[in-house]
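The values are calculated or read from the model by the stated rules, or taken from the named source; none is laboratory data. All values reported here derive from a predicted model rather than from experimental measurement. In this analysis, Cβ positions are derived from the backbone assuming ideal geometry, glycine residues included, and neighbour counts consider all displayed protein chains.
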Amino acid sequence: MATRSTSALVAMLAFAFAAGCDGDEAASGARRTEWKPCHDTFECTTVNVPVDYSAPGGPTIPIAVIRAPARDPEARLGALVVNPGGPGAPMVDRLVDEYGMLRLAFARVFERYDVVAFDWRGVGRSAPLACVDDAFFDELRAADLTLETPLAAPRLEQLARTLAEGCRASAGDAMLESLHTENAARDLDRIREALGESKLDYLGLSHGTWLGATYATLFPDRVGAFVLDAPVFLPADNLARIESRAKAHDAALDRFFTTCGADPSCAFHGGEGGAAVAQAFDAVLARASRGEILVDGSRSLSSTDAALAITAELRADEPSSLAAGLAKAEAGDGSALHARADAAAGKRADGSYDDGVQGQIAIGALELPFAPGTKMADLRSSLDALRARARSANSASIPWALAVGWPFHRREPAPAISAPSAAPMLVVAATYDPLTPHEDGVRLVGALANGSHLLTYEGGGHVALLHSDCVRGIVTDYFLDPSTPPRRAVCAPD
């Protein structure tokens, strides 16, 4: 069973996407920076990095970094950098807010390691983008990001242009073209230097696994203890990524349908069988697309918010909460799903949005672009065809819808993931993760080609170590002694 601390950890981390090597100076850690006390028990610094690593003498930006010193300094093993994915989810302030719960969940690791977090360039405290105001995101959520309705395409194209124009005015092309994972990996190596470590110890979750794999590709001799949980393996084709994610989402949904359909206590057609639950689920989504489900008796629950809420419940592996929200929506009350969507979209109680949201959109659009000339109507047609193979095609496309027509592009091709000389890693993949399919873990281990270990969690939720005592135990043991292979290859649900 998930503990109370684990549930808080899920809420904290489920926020809902050797070029650059500087020779001997980088390897020696010559660019160490000054750490200052902050937030009572933490230490903070900023690491200045080039906007463009091919022009190191050009403009620089500050990367915000924070660390919590090891609880047992005499037994300290090193500095563990944590990245929760996103891509680009800000982590500095969250580490302060949630450190106590994190320490309860990973007590032995926190005893032996400094725990380090940073904000990806363009988000949080690291030269954050300021492209649009909060009202823009309310408009975006009211629009149909699922592209299921005919009028959605032109509206989304207009919103995408507004966002791109605002980002260009705020940050400039050079900054926007620099937000990709390779530069984040180079920034991460500068952080390693600031920590005074010869090797990087790293915990990457979700897209943070792709950052870790990219770091290993660029700097294989600097890889220390690496755990990559909820692995991402990005194909060259954006539609292939959407299909892969849609099928993972389908598997998690089918598991919910089956479980709820067999349980008379399930609030959403419990005990009526999986087929009946699936049929009722489709009917709720259809009503949402027609604006027939109200929130607070006035405005309609949008298709976008329904999809965001459902995905958030699946990633947290909270079937009872999902069932309750769907049951209320079926009765015409979309307030529960809307509240879940607020949290997933990063909306605060005061109506403002998390500072990292627009940066994450810009990073995602750069990370996995559509082919030049692709229009929103083209994506809608592709999703219509894909839906025959994956019922979740439309909801799975939400993170990338605004990438259509994005005018900023990386200046270099992404490197193929390969790190045969890097130290073996621990890669953890769940069979019912709604966002990152288990097959991505298999592909990532194969691409790294360095003897990394694959640990399979036979359960649901996004990021297995947040949902399994077995996985947490193996991850903890690995960080304490990475030279010893994991004691098992499979963890069943607790």
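The table below gives the values:
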| quantity | calculated |
| --- | --- |
| Counted residues, region 125-168 - those being closer than 16 Å to K347 by Cα, surrounded by 17 or more Cβ atoms within 10 Å (Cβ to Cβ) and in contact with a strand residue (DSSP E or B) (Cβ under 8 Å, 6 or more places away or on another chain) | 1 |
| Residue ID - farthest from the chain's Cα centre (by Cα), chosen from residues in region 226-246 that are small (G, A, S) and within 20 Å of L211 (Cβ to Cβ) | A236 |
| Residue in region 88-102 that is within 30 Å of G473 (Cα to Cα), of a type in the set (V, I, T) and at pLDDT 95 or above present | no |
| Criterion: part of a loop (DSSP other than H, G, I, E, B) and either farther than 30 Å from A107 by Cβ or out of contact with any helix residue (DSSP H, G or I) (no Cβ under 8 Å at 6 or more places or on another chain) (or both) - qualifying residue of G57, G86 | G57 |
| Test: residue in region 377-385 that is part of a loop (DSSP other than H, G, I, E, B) and more than 21 Å from the chain's Cα centre (by Cα) | no |
| Residue count, region 294-336 (criterion: outside any helix (DSSP H, G or I) and not basic (K, R)) | 14 |
| Yes/no for R125 being farther than 16 Å from G359 by Cα and either touching a helix residue (DSSP H, G or I) at 6+ places or on another chain (Cβ under 9 Å) or β-branched (V, I, T) (or both) | no |
| Test result for R71, in a helix (DSSP H, G or I) and either buried (at least 22 other Cβ atoms within 10 Å of the Cβ) or basic (K, R) (or both) | no |
| In region 314-357, residue nearest to I63 (Cα to Cα) [restricted to those that are out of contact with any strand residue (DSSP E or B) (no Cβ under 7 Å at 6 or more places or on another chain) and among the hydroxyl-bearing types (S, T, Y)] | S352 |
| Output for region 350-372, where each listed residue is modelled with pLDDT of 90 or more and either among the charged types (D, E, K, R) or out of contact with any helix residue (DSSP H, G or I) (no Cβ under 9 Å at 6 or more places or on another chain) (or both) | D350 |
| Failed condition for V81, given (1) assigned to a loop (DSSP other than H, G, I, E, B); (2) within 22 Å of the chain's Cα centre (by Cα) | (1) |
| Matching residues in region 294-313 - criterion: being among the hydrophobic types (A, V, I, L, M, F, W, C) and within 30 Å of V463 (Cβ to Cβ) | V295, L301, A306, A307, L308, A309, I310, A312 |
| Residue that is within 26 Å of F110 (Cβ to Cβ) and either surrounded by 18 or more Cβ atoms within 10 Å (Cβ to Cβ) or modelled with pLDDT of 95 or more (or both), where the choices are R472, R443, R487 | R472 |
| Filter pass, G212 being crowded, with 22+ Cβ neighbours inside 10 Å, assigned to a loop (DSSP other than H, G, I, E, B), of a type outside the set (D, E, K, R) and touching a strand residue (DSSP E or B) at 6+ places or on another chain (Cβ under 8 Å) | no |
| Residue count, region 102-133 (criterion: part of a strand (DSSP E or B) and not aliphatic (A, V, I, L, M)) | 3 |
| Positions within region 258-270 being over 16 Å from A329 (Cβ atoms) and either in a helix (DSSP H, G or I) or in contact with a His (Cβ under 8 Å, 6 or more places away or on another chain) (or both), in sequence order | T258, T259, G261, A262 |
| Answer from D254, D221, D250, D201 - the residue that is in a helix (DSSP H, G or I) and over 20 Å from E439 (Cα atoms) | D221 |
| Scan of region 227-247 for residues that are within 22 Å of V404 (Cβ to Cβ) and small (G, A, S), ordered by number | A236, A240, S244, A246 |
| Residues of region 103-143 that turn out to be closer than 27 Å to Y478 by Cβ and among the β-branched types (V, I, T), as a count | 3 |
| Residue list for region 438-453, restricted to those being in a loop (DSSP other than H, G, I, E, B) and out of contact with any strand residue (DSSP E or B) (no Cβ under 8 Å at 6 or more places or on another chain) | A449, N450, G451 |
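Each row is one residue, and each column tells you yes or no for (1) under 16 Å from the mean Cα position of the chain (by Cα); (2) in a loop (DSSP other than H, G, I, E, B); (3) aromatic (F, W, Y); (4) under 29 Å from L228 (Cβ atoms).
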position: H338; (1), (2), (3), (4): no, no, no, no
position: Q358; (1), (2), (3), (4): yes, no, no, yes
position: G364; (1), (2), (3), (4): yes, no, no, yes
position: H409; (1), (2), (3), (4): no, yes, no, yes
position: P415; (1), (2), (3), (4): no, yes, no, yes
